[in-house]
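Inspection log for the structure reproduced underneath, given as structure tokens.
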Amino acid sequence: MLFSITAAFRTVTDISPEILSQLGIRGLILDIDNTLADHNDPLPAEGVIEWIEMMKECGIRMVIVSNNFALRVKLFADLVGIDYVRESKKPFQKGYRLAAMRLGLPKRALAAVGDQVFTDVLGANLFKIKMLYTLPIGRGNKTLLKIRKAIEAPFIPKRIYGSDPSKPLEHRQLNAITYKEN
Ligand SMILES: [Mg+2]
């Protein structure tokens with residue numbers, strides 16, 4: 001399976017330490033654009049700084065792996081205080097290998113977090129780690145995003161955590177999601 005998604009979330013901030021613990025995930029390989037921030041926005045999206053701090057306090061190790069250019073990635077990673085791999089050429093494996101080495105965790109304890117099927121999802125599956133998909137933030141180019149959504153739609157799971165903001169995220173929801181052990 002090249003396009004397996006372990007669990008899908010409305011936004012990265014819907015990923016909770018409880019869900020990670022249930023999946024045995026102790027390290028995250030994070031995408032930036034449309035995952036932690038709007039495309040090329042120097043600032044993280046709402047709640048992301050607090051989410052990162054909370055994850056750090058819970059002992060979750062994180063590294064940013066982005067295909068964006070060096071300065072964009074460095075400035076963002078420094079701002080949020082996370083180590084990074086820039087110009088990673090996802091879905092190719094080199095960036096993931098570097099990230100896994102820096103995290104110092106076995107593959108079974110790792111998950112990639114990202115919004116793009118043909119980079120983040122495919123890359124995680126080629127590297128044989130879990131994949132936590134987040135819907136793209138995308139306040140950027142609406143036409144491009146529309147095209148992307150149409151192409152990616154068949155790969156996206158129907159159940160998305162946090163898609164109904166009135167419902168709290170509960171662990172038991174996890175059982176309803178297609179969860180594939182890597
Ligand atoms: Mg992205």
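Only the coordinates and a few stated rules stand behind these numbers; no lab work does. Predicted model only: the values in this text are computed from it and were never measured. Methodologically, a virtual Cβ is constructed for each residue, glycine included, from the backbone with ideal geometry; neighbour enumeration extends over all protein chains shown.
Rg to Rh ratio, segment 1-67, alpha-carbon atoms and Kirkwood radius?
Rg divided by Rh gives 0.95.
With only alpha-carbon pairs counted, each pair once and no self-pairs, how large is the Kirkwood hydrodynamic radius of segment 69-168 in angstroms?
In segment 69-168 this quantity evaluates to 15.2 Å.
Which semi-axis lengths, in whole Å and largest first, follow from the square roots of five times the eigenvalues of the Cα gyration tensor of segment 44-87?
19, 12, 7
Shape call for segment 7-176 from the C-alpha gyration tensor, a ≥ b ≥ c root eigenvalues: rounded (a/c under 1.5), prolate (a/b greater than b/c) or oblate?
rounded
For segment 1-105, which chymotrypsin sites (Phe, Trp or Tyr not before Pro) are in a loop by DSSP, counting at most 14 other Cβ atoms within 10 Å?
The qualifying sites are F69.
With a cut-off of at most 15 other beta carbons within 10 Å, and DSSP calling the residue loop, which GluC sites (Glu not before Pro) in segment 2-104 qualify? Please list them.
E46, E87
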